[in-house]
Amino acid sequence: MSVFQNLNFELNSGESVALLGRNGAGKSTLLRILGGIDQADSGTIEADCSMSWPVGLTGGFQGSLSGRENTTFVSKIYAGHDPELIEEKVRRVEEFAELGVHFDRPFKTYSSGMRSRVTFGLSMAFDFDVYLIDEVTSAGDERFRKRSKKVLEQRHETADFIMVDHNLWGLKFHCDRALLLHNGSLIEFDDLEEGIATHKRLLENPTQHELVAA
């Protein structure tokens, strides 16, 4: 059974988009496909800009390697083999994560909050034109959430977002319009408020298709 079929949409440079839909609608799957983590059964994705992996993704981390070793490995993939550049990326992640000696201990021993700090810090250590953001600001403790929001605000000055966040109010700070996944289809809204309002109505009455504008 397919999560969704025949999706067709275009995103323009200079705009950030909220990705809406109930739990299980396929939001995280779509972000993983856009980020190159998963492959669609058919179709193509065309981009003339750099796009991040889903921010905060832990799936690519090897549990027996330390936070430092995982960060070094990913940095070598994305930053080449420039020792100074790799060292700079690792330093930025270490400073953001604030794990102390734990940064050199196996990733599998980390708490969920510690993992969030490392994976978010790693995502933000690289400059992308578009960041794929999946509920990252809801993870971790209050200090982490405040710091991550500040970093996102800084990134938003030079980059665009495709953003999933159940905190619908928070989407209004970053996004210009909305894409709504519903029953395997995608509906585009140029007006973010309209998209959020339709999303809320469908959460209450998921079978009332007439609530969705064509």
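Remarks
- Residue check for Ser66: surrounded by 14 or more Cβ atoms within 10 Å (Cβ to Cβ) and over 28 Å from His156 (Cβ atoms): yes
- Residue within the stretch 80-91 that is surrounded by fewer than 16 Cβ atoms within 10 Å (Cβ to Cβ) and touching a residue at least 24 places away in the same chain (Cβ under 8 Å) present: no
- Looking only at the stretch 14-33, and only at residues there that are of a type in the set (D, E, K, R) and in a helix (DSSP H, G or I), the one that is farthest from Ala197 (Cα to Cα): Arg32
The rows are residues; the columns are (1) modelled with pLDDT of 90 or more; (2) among the small types (Gly, Ala, Ser).
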position	(1), (2)
Gly63	yes, yes
Gly80	no, yes
Glu87	yes, no
Val93	yes, no
Asp104	yes, no
Gly121	yes, yes
Val136	no, no
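Conditions tested, residue by residue: (1) in contact with a strand residue (DSSP E or B) (Cβ under 8 Å, 6 or more places away or on another chain); (2) in contact (Cβ under 8 Å) with a residue 24 or more places away in the chain; (3) of a type in the set (Lys, Arg).
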position: Lys146; (1), (2), (3): no, no, yes
position: Glu153; (1), (2), (3): no, no, no
position: Gly170; (1), (2), (3): no, yes, no
position: Asn183; (1), (2), (3): no, yes, no
position: Ala197; (1), (2), (3): no, no, no
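- Among the strands (runs of 3 or more DSSP E) confined to the stretch 94-200, the ones with at least 2 residues that are surrounded by 15 or more Cβ atoms within 10 Å (Cβ to Cβ) and under 13 Å from the mean Cα position of the chain (by Cα) are located at 130-134, 160-164.
- Residue match in the stretch 39-51 (condition: outside any loop (DSSP other than H, G, I, E, B), touching a strand residue (DSSP E or B) at 6+ places or on another chain (Cβ under 8 Å) and modelled with pLDDT under 95): yes
- One residue from Ser64, Ser75 being in a loop (DSSP other than H, G, I, E, B), touching a Lys or Arg at 6+ places or on another chain (Cβ under 8 Å), among the hydroxyl-bearing types (Ser, Thr, Tyr) and not assigned by TED's automatic domain parsing to the domain that holds Met163: Ser64
The values are calculated or read from the model by the stated rules, or taken from the named source; none is laboratory data. None of these values were measured; they are calculated from a predicted model. Note: ideal-geometry Cβ built from the backbone for every residue, glycine included; neighbour counts use all protein chains shown.
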